[in-house]
């Protein structure tokens, strides 16, 4: 079991990212509805957050590769996830009072409330790859290219 702790961690963090996507739809639907446009907005925000998280996670992994930093990523994502109900009450409710533009409300809400935990959860994967195999000097750079589809030379 201990042999696969990084793989299990990456799997759980990836699964939690998908759960966040579903929770986003459930949290936002009373305010903005659940049309295809709203779903597309949520999915787009989540994918963008994850792509940036993969990229930044790979950069950090190349500079510092300590399991304590990985633990801090997971803790930070847990903190961001735990404040979702507070942000729902404060942010989404107030946005609906200020604007009637449902798409704008969903973009802002999804970005702030769900984009941050999704971003941090995505940082786990390239960091875990670096921790798994310290023999390769630039494995974080290689993994962030794979995740972010950027040719960064």
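Observations on the model:
- Going from the fewest other Cβ atoms within 10 Å to the most, the residues 6, 22 appear in the order 22, 6.
- Acute angle (nearest 10 degrees) that the helix 116-132 long axis makes with the longest principal axis of the chain, alpha-carbon atoms: 10
- Residues 62, 100, sorted so that the one with the fewest Cβ neighbours within 10 Å comes first: 100, 62
- With bins 10 Å wide beginning at 0, the percent of Cα pairs of the chain falling in each bin runs 12, 38, 29, 16, 5, 0.
- Look at the alpha carbon pairs under 8 Å that are at least 6 residues apart: their mean separation over the length of the chain gives a relative contact order of 41 percent.
- The chain: most fluctuating residue of 90, 23, 120 per GNM, C-alpha cutoff 10 Å: 90
- Most fluctuating residue given options 45, 74, 86, as computed from a GNM of the chain linking Cα atoms under 10 Å: 86
- As a rough footprinting exposure proxy, the listed residues 73, 119, 127 were ranked by other beta carbons within 10 Å of their own, and the order from fewest upward is 73, 119, 127.
- Across 34, 99, 109, mean-square fluctuation computed from a Gaussian network of the chain (C-alpha pairs under 10 Å connected) peaks at 99.
- Helix 5-32 vs. the chain, principal-axis angle (Cα, 0 to 90°, nearest 10): 10
- Helix 139-148 vs. the chain, principal-axis angle (Cα, 0 to 90°, nearest 10): 30
The numbers here are math on the coordinates, done by the rules we state, and not lab data. What you see is a predicted model, and the numbers here were worked out from it, not measured in a lab. Cβ coordinates were reconstructed from backbone atoms using ideal geometry, including for glycine residues, and neighbour counts include every protein chain displayed.
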